[in-house]
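Q: Structure provided below as structure tokens; questions to follow.
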Amino acid sequence: MVISSSIAMRDRSSESARFEILSAEYSAVVLNNENSSIHIDAVVDPLSPSGQKLSSLLRVLSKCIQPSMRLVLNPLSSLVDLPLKNYYRYVVPTMDDFSSTDYTVYGPKAFFANMPLSKTLTMNLDVPEPWLLEPVNAIHDLDNILLENLGNIRTLQAEFELEALVLTGHCTEKDHEPPRGLQLILGTKNTPHLVDTLVMANLGYWQMKVFPGVWYLQLAPGRSSDLYILREDKDDGSQDMPSSKRITIDDLRGKLVHLAVVKKKGKEQEKLLVSSDDDDHSQEKKKGNLKSWNTNFLKWATGLVGGSEHSQKGEGTSVEQGNSGRRGKTINIFSVASGHLYERFLKIMMLIKFWFIKNYLSPQFKYVIPHMAKEYGFEYELITYKWPTWLHKQKEKQRIIWAYKILFLDVIFPLALEKVIFVDADQIVRADMGELYDMDLGGRPYGYTPFCDNNKDMDGYRFWKQGFWKEHLRGRPYHISALYVVDLLKFRETAAGDNLRVIYETLSKDPNSLSNLDQASEYSHWWFHFLNAFLSMPRPYCRVIRI
């Protein structure tokens, strides 16, 4: 399957490649097998990412089918920089994975030898797009591997496990743009709502985390199901259409679902995304919430949202912040962490409900966190989102993690979550998070923290005081992404996530663009100032974090 897919994706300038014209005298490796009826010619740039994968694939073919093979090396004639900065191993199942004495299956493995001792390395996986893998057994920090610190053994082991599959799809509306913001739910016959998400403007894309089995996809109750119904190709727009779409996951290749919707008769001119400020019902709801802080903020009617893991408390749980006596809605904190050091920082401040991206957490952290939740009485939830295939992906693991905290805020959280605060794992917060959570953002989706500038000794490090940023900001303060609050309802209503992804896709392919800077708030600054899309929090908040 892997071989046929790789061949199918190869760009063809003609029906057949003329390998006989290639010279093999000085730049080819020839492996003859007179008994084989299969001959393979391959042209490889040995210092390219595709060359890493192809060479590993050729080794597998050589071992399995023992063909005659000619490998022609075709590197670039000149290099400014070394194009490869990683070590790559291709892992495929073999008969050696099965025990010859019992029913034990060891699983495929990769082995790296003669690695540099004094270089800091990071382990990452290159897996099929529908797979969600996670480390389940790793003593050492896989994001900061320094072999010389491992003692005399200097050997590191890590075990990964396929946690779930990703169900992806595209939603279309005939003769219209994709219905961005359309809310979808996925579940079983007995529990219709187990997972939820919304449709992006980008190609009408959506994704959900699933397991093998039979699932039913339908429009979420509320405005989505009030305006739209599912449409089948054979239907003519009548109201007698299916209320759900049956989806069967019966292999490990995931599934790509094409979902078509149509507006109900009489609703053709109504907009899906309507600002809550203009919705009378929402205004009444907000007034009711102000009168009663004891209303539950998040009711998990579905129990398990998005297949994520969470610590459960009784309904109606209140949260106290220090001596302020604040009781009411749960304060939801969102953070990202990569490496044992940043995970230790997270453990220090987890006294309220936290949301963590599960993709890059270590096995130790996932093991300890339930015990900490029980001991200290806080809540947490692990969430997962797979980087979309159509969105330009960063190569460095750390930059991928940085991007998660800005690009997918509209889709990574359950739709029932209304507001969340992001806090960097290494930040020291010296303020009442309840005040920040309750802050009126003035109808904006974001509230960002301005950078402090009272310490003149740090002026040399303030890059926004000169060059591009000085011209771009025009006297406005530069904001840091280490601490910010997001009104997720407004964020989704204004399609802020779609706009951010468009900006990112435009800039990220240029290696000199803003997308390669460490601060995720660069994307926001690029357009939020002009659209008045975030609130600059009061100046005292620039002192609540350690800079």
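Q: Got at least one residue in region 208-215 being within 25 Å of the chain's Cα centre (by Cα), aromatic (Phe, Trp, Tyr) and either more than 25 Å from residue 499 (Cβ to Cβ) or surrounded by 19 or more Cβ atoms within 10 Å (Cβ to Cβ) (or both)?
A: yes
Q: Run down 181, 204 and say which single residue is in contact (Cβ under 8 Å) with a residue 24 or more places away in the chain, on the phi > 0 side of the Ramachandran plot and touching a helix residue (DSSP H, G or I) at 6+ places or on another chain (Cβ under 8 Å).
A: 181
Q: Please determine whether any residue of region 107-129 is within 30 Å of residue 232 (Cβ to Cβ), in contact with a Lys or Arg (Cβ under 8 Å, 6 or more places away or on another chain) and in the same structural domain as residue 216 (by TED's automatic domain parsing).
A: yes
Q: Another question, if that's okay. Which residues, counting only those in region 333-389, are at pLDDT below 80, under 19 Å from residue 403 (Cα atoms) and aromatic (Phe, Trp, Tyr)?
A: 334, 342
Q: What number of residues within region 100-122 satisfy the criterion of being part of a loop (DSSP other than H, G, I, E, B) and within 15 Å of residue 154 (Cα to Cα)?
A: Residues flagged as part of a loop (DSSP other than H, G, I, E, B) and within 15 Å of residue 154 (Cα to Cα) within region 100-122 amount to 10.
Q: Still on this structure, I have one more. With respect to the numbered conditions (1) assigned to a loop (DSSP other than H, G, I, E, B); (2) within 30 Å of residue 260 (Cα to Cα); (3) in contact with a Phe, Trp or Tyr (Cβ under 7 Å, 6 or more places away or on another chain), which one is the sole condition not fulfilled by residue 184?
A: (1)
Q: Suppose we filter region 129-158 for residues that are on the phi > 0 side of the Ramachandran plot and in contact with a helix residue (DSSP H, G or I) (Cβ under 7 Å, 6 or more places away or on another chain); how many remain?
A: Adding up the residues that qualify gives 1.
Q: Next question, about the same structure. What is the one condition in (1) over 27 Å from the mean Cα position of the chain (by Cα); (2) over 30 Å from residue 221 (Cβ atoms); (3) at pLDDT 85 or above that residue 392 does not satisfy?
A: (1)
Q: While we're on this one: Give region 380-405 a look and list any residue that's of a type in the set (A, V, I, L, M) and under 17 Å from residue 197 (Cα atoms), or say none.
A: Residues satisfying the conditions are 382, 383.
Q: Still on this structure: Determine which member of the set 92, 136 is assigned to a loop (DSSP other than H, G, I, E, B) and aliphatic (A, V, I, L, M).
A: Being assigned to a loop (DSSP other than H, G, I, E, B) and aliphatic (A, V, I, L, M) holds for just one of 92, 136, which is 92.
Q: Restricting to region 403-445, name every residue that is buried (at least 20 other Cβ atoms within 10 Å of the Cβ), out of contact with any strand residue (DSSP E or B) (no Cβ under 6 Å at 6 or more places or on another chain) and modelled with pLDDT under 80.
A: Scanning region 403-445 gives 433, 434.
Q: Surrounded by 14 or more Cβ atoms within 10 Å (Cβ to Cβ), touching a residue at least 60 places away in the same chain (Cβ under 8 Å) and in contact with a strand residue (DSSP E or B) (Cβ under 9 Å, 6 or more places away or on another chain), is that true of residue 167?
A: Judged against the criteria, residue 167 is a match.
Q: Turning to a different aspect of this structure: Tell me, which residue of region 43-74 that is in a loop (DSSP other than H, G, I, E, B) and more than 34 Å from the chain's Cα centre (by Cα) is nearest to residue 32 (Cα to Cα)?
A: Ranking the qualifying residues of region 43-74, first place goes to 67.
The values are calculated or read from the model by the stated rules, or taken from the named source; none is laboratory data. Given the structure is predicted, the values throughout are model-derived calculations rather than measurements. As a convention, Cβ positions derive from the backbone with ideal geometry for all residues, glycine included, and neighbour counts pool all protein chains shown.
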